[in-house]
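Quick one: this structure, given as structure tokens, is what I'll be asking you about.
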Amino acid sequence: MNAIDITVAALTVAAAVLIATALARRGRPGLILLAAGLLSLLVVLALEINSGWMTALDTSVWNWFEARWSHRGQGDSRGIFAYIGRPVHVAVAGAVSGCLLAFRARSVVPALLVTGTVGAGAAGEQTLKALVGRTPANLRELGSWRLVHDYAHSFPSGHVTGAATLLGTTAVVAVAGRRPAVRAAAAALAVTGVAFVAFLALYVRAHIFTDVVGGMVLGGALVALAAAALGWAQRAGKRRNAPHSPYRG
């Protein structure tokens, strides 16, 4: 085994342990462990981007969509995808959502969390795209030399990352402190929205499968960190407002 294989194996084990431990924990420690596990998994995906198993997975999903693709359907979907995926639209949606949540909570924390998480997602995916590249041999497995240019530096999907950070953080902040059923419903809506964007990205051929998986993993890690930060802020606020708290101003 070379150094990369050893690193991938170690990170895979670390990701599995961290995620399993996070599922058994509650509160901020569990969220931080979950984020660490997802980020470890993201590094594994980046290192393995040209591996045989990832190429085979991308090819299988590509062929599945190829069999169901139509010119008319793709044209309509491409317009929708182009509109919702523009960075300026995601930024505006994040700013508006954050401001509305901040107004409701009478605190700047929601605005900072939503806009900060969306911004961190954009910076993270752009950095990874610059660092991670697919080889021509990897992309020719999909059956077209044109793909060498289109998808050489498309990991992870910015559209999916933006949808995950925007919808996920908005849902976390909006239902904080609500009943478990309400939080579960908000999480389901956020996941459905992200899955819809991921499906469109694949259907219109803006990305290949591992791109959207990378976007989901990166977005999920950042949302977990945002949820941990929100929990810390709420706890700090309660201490400051406690009648006999030494933190009271």
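Every read-out reported here was derived from the displayed coordinates using simple, explicitly stated rules and does not represent laboratory data. Because the structure is a prediction, the values reported are computed rather than measured. FYI the Cβ positions are ideal-geometry reconstructions off the backbone, even for glycines, and counts take in every protein chain you see.
Mind checking the angle between helix 52-67 and the chain's longest principal axis? C-alpha axes, 0 to 90 degrees, to the nearest 10.
Result, in degrees: 80.
Using 18 Å as the cut-off for backbone N distance, which residues of segment 25-60 belong to the label zone defined by a point 7 Å from the Cα of Ala10 along Cα→Cβ?
36-48
Here is a follow-up. What label, among (1) 69, 48, 31; (2) 54, 43, 29; (3) 45, 42, 38, belongs to Cα extents along the principal axes in Å computed from the structure on display?
(1)
How would you rank 43-56, 153-166, highest first, on the average number of other Cβ atoms within 10 Å across their residues?
Details: 43-56: 16.0, 153-166: 27.0.
In decreasing order of mean packing, 43-56, 153-166 become 153-166, 43-56.
Using 1/(1 + (r/R0)^6) with R0 = 35 angstrom and r between the beta carbons of Ala123 and Ala67, what's the FRET efficiency to the nearest 0.05? Please list the in-between numbers first.
Details: r = 37 Å, r/R0 = 1.05.
Using R0 = 35 Å, I get an efficiency of 0.45.
Per residue of the chain, what 222 nm ellipticity follows from adding -39500 (n - 2.57) for every DSSP H run with n ≥ 4, rounded to the nearest 500? Mind showing how you got there, number by number?
Details: 11 runs with 199 residues, N = 249.
One gets -27000 deg cm²/dmol as the mean residue ellipticity at 222 nm.
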